[in-house]
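Below is one structure, written out as structure tokens; the observations come after it.
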Amino acid sequence: MIQIEDLSFGYSKGIPLFDHLNLSLPAGNIYGLLGKNGAGKSTLLKIITGLLFPIEGKVNVEGFQPQNRYPDFLQEIYLITEEFHLPSIKMARFVQLYSPFYQRFDHDVFNAYIDEFKLVKEQKLSNLSYGQKKKFLLSFGLATDCKLLVLDEPTNGLDIPSKSQFRKILANAIHEDRSFIISTHQARDMENLIDPIIIMEEGKIIFFQDYEQLSRKLAMTKQAKLPEDGSLVYSESTFGGYTIVTENKKMEETNLNLEILFNAVVSNTAKINEIFKN
Amino acid sequence: MHRSNHFNFSRFWSYLKMELFRSRKGIWMVFGISFGTLFILGLILTPFIEQDMTIYDHNDGYTFHILIGGFVLSSLTFRDLGNSLKRYRYLTLPVSALEKFLCMWFLTTICWVIVYTIAYYCFTLIATPIGKLLFSPLKFTNFNPFSGIALSAIKYYLVIQGIFMVGATHFKGYILPKTVLTVIAAGLACGIIFVLFLSDLFIAEHDCAGYECEHLSTIGENKFWSIIKWIFWWALAPVCWIITYQGLKEKEA
């Protein structure tokens, strides 16, 4: 579905952000894109959605080159950015104006999401709170029946019940022909939703694994003392002990914490990659 | 690639309706300001300022406002590109660059000329009797939208308008002043080149009295001048439209 080969891109000449980046994202998954500020997450999303053009390399999304921005391609993607602008019109008017561009737009699906999010269609978009605007955009994006929904920091501004509602809706909306890419810093909000997990650092994909592999290869436990057998990958001191990430040699079933996984990958990339190679 | 990826009438029509709806406030403002100034400055104040005026015709007002109003609207055509938040939605909206360009070209050329001319004609139907009532000795002539002056104004507008569309795709913010400044700078550059090449000719003794200048008539007959005129009337606008379309296609977020 998304095939990136030898992608090179940089904002300034001579300072590449991506240097021959390769990535393949088959359809049917909710990809979690994690990374520090400036790692290249948003840039990658912009290239995938045709908002930025590669300097070198091939990007293929649903059989299209995104940079052509053909309408047949654009109706298969929907991008919800962290910051956005919505016109000062009623929801119903927005739908009336924008839905004709998406051939498979389903008004019943849209209405169902709007009801689930408890939004009022006759309300002006400019009068909605930030979180409500996000819910509206998510409802619209899902109703377009696009094959790729790209969400940049989707849970920012959502209250706690809305976050779980958001996770539930996304989990129900995924199917084998569709993919979601979620870029976020709020790793905890995305737990039990995103799979596989992609971690970026300085324009490189330093980690790309699904949950099954993760739980087979890594173990996260709380211990009073740090292990001394060399299996330690990462540790964080917590109240009364440590949360540690180790190689899962005993094939234990442990709860994976995305935030700790992220820190482990970023601080000990070489060891993590070595574990996953075996 | 499928032809519908460049132009699809139904999509074009939806986009046209959307743009008209989105621009409704801007269009009303341009009309309001145009006809407000036409009524107050043009109709009410001009007879006071120009005391020796005997005949009032509406041609000057029409020419001035079709140009200025049209340039303002043309420079607003791709305003979303200048706003980082609006740009994402604008560029990812499933409409081709050709459709976006054609829609805005259609609205700012054909639609603007027709709607403004009709509105101006209606305005003169109301303004003329009011003017006659207020300034009884002054003779008011009716506005003829098919007169040579009106048609000439339309011709000039259609040619120059493209420059403002280029500005709309290439400048971020303050598009109208930036475009006007660029045009002035280009005009100055041309003027300097003109002076550098022809200053000796004009300094030398020749017959010159106001508009009647020996050299100007000679230059007018020159082949080079004919080429410049041809470029202005036939090449400037299409080149500007092509640059605008390319600018839209190559725009990144």
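The values are calculated or read from the model by the stated rules, or taken from the named source; none is laboratory data. Keep in mind it's a predicted model, so treat the numbers as computed, not measured. Positions of Cβ are generated from backbone atoms using ideal geometry, with glycine treated the same way; all protein chains shown enter the neighbour counts. We work out accessible area using only protein heavy atoms, side chains counted, and drop any ligands, DNA or RNA first. Shrake-Rupley method; radii C 1.70, N 1.55, O 1.52, S 1.80 Å.
Key figures for this structure:
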| item | result |
| --- | --- |
| Charge dipole magnitude, Cβ of K and R +1, D and E -1 - chain B, Cα centre, debye nearest 20 | 1800 debye |
| Sites B:Leu134 and B:Lys25 - FRET efficiency at Förster radius 22 Å, r taken between beta-carbons, to 0.05 | 0.10 |
| Which of A:Glu153, A:Glu259 is most accessible, then next, and so on - probe 1.4 Å | A:Glu259, A:Glu153 |
| Selected from A:Met220, A:Ser139, A:His175, residue furthest toward positive end of dipole (the range A:123-224; charges at beta carbon) | A:Ser139 |
| Theoretical FRET efficiency, 1/(1+(r/R0)^6), r = Cβ-Cβ of B:His215 and B:Val239, R0 25 Å, to 0.05 | 0.25 |
| Residue-level accessible surface for B:Ile184, protein heavy atoms, 1.4 Å, Å² | 90 Å² |
| Cα long-axis angle, helix A:107-116 against chain A (0 to 90 degrees, to the nearest 10) | 60 degrees |
| Fraction of alpha-carbon pairs over 32 Å apart in chain B - percent | 38 percent |
| Accessible carbon and sulfur surface of chain B relative to its total accessible area, %, 1.4 Å | 72 percent |
| Span-like helix ranges in chain B, DSSP H, alpha carbon extent 15 angstrom or more, Kyte mean at least -0.5 | B:9-22, B:24-37, B:59-75, B:112-134, B:148-170, B:175-203, B:236-249 |
| With every protein chain in place, the range A:2-208: carbon and sulfur % of accessible area (1.4 Å) | 45 percent |
| Leading residue at positive end of dipole, the range B:1-90 (Cβ point charges), from B:Val30, B:Phe7, B:Ile55 | B:Phe7 |
| Computed [θ] at 222 nm, deg cm²/dmol, chain B (DSSP H ≥ 4; -39,500 (n - 2.57); rounded to nearest 500) | -22000 deg cm²/dmol |
| Where A:Lys121, B:Lys25 fall by accessible area, highest first, once all protein chains stay in place (1.4 Å) | B:Lys25, A:Lys121 |
| Taking chain B and dividing mean pair separation by its residue count, relative contact order in percent (alpha carbons under 8 Å, at least six apart) | 27 percent |
| Surrounding net charge for B:Trp112, when Lys and Arg each add one and Asp and Glu each subtract one, Cβ distance under 15 Å | +1 |
| Computed magnitude of the charge dipole of the range A:2-208 (debye, nearest 20; Cβ of K, R +1, Cβ of D, E -1) | 640 debye |
| Interface area, A with B, accessible, probe 1.4 Å, both sides summed, Å² nearest 100 | 2600 Å² |
| Compactness index (Cα Rg / 2.2 N^0.38 Å), chain A | 1.08 |
| Probe 1.4 Å, protein heavy atoms only - accessible area per residue of chain A in square angstrom | 46 Å² |
| R0 of 60 Å, Cβ-Cβ distance A:Tyr130-B:Ile126: FRET efficiency to nearest 0.05 | 0.80 |
| Relative contact order (percent, whole number), the range A:2-208, Cα cutoff 8 Å, 6+ residue spacing | 31 percent |
| Residues in the range B:9-44 occluded by at least 40 Å² - accessible area, probe radius 1.4 Å, against chain by itself | B:Ser14, B:Met18, B:Phe21 |
| Links that overshoot a 32 Å alpha carbon limit, given the list A:Lys90/B:Lys100; A:Lys163/A:Lys250; A:Lys168/A:Lys271 | A:Lys163/A:Lys250; A:Lys168/A:Lys271 |
| Point-to-point label distance, B:Lys178-A:His20, nm (Cα→Cβ direction, 7 Å offset) | 3.8 nm |
| Computed label-point distance, nm, for sites B:Asn144 and B:Thr54 using a 7 Å Cα→Cβ extension | 2.0 nm |
| Dipole magnitude of the range A:194-262, debye to nearest 20 (Cβ charges: Lys/Arg +1, Asp/Glu -1, about Cα centre) | 200 debye |
| Shielded residues, the range B:83-105 - accessible-area loss of 30 Å² or more between chain alone and all protein chains, probe 1.4 Å | B:Leu85, B:Lys86, B:Tyr88, B:Arg89, B:Leu91, B:Thr92, B:Leu93, B:Pro94 |
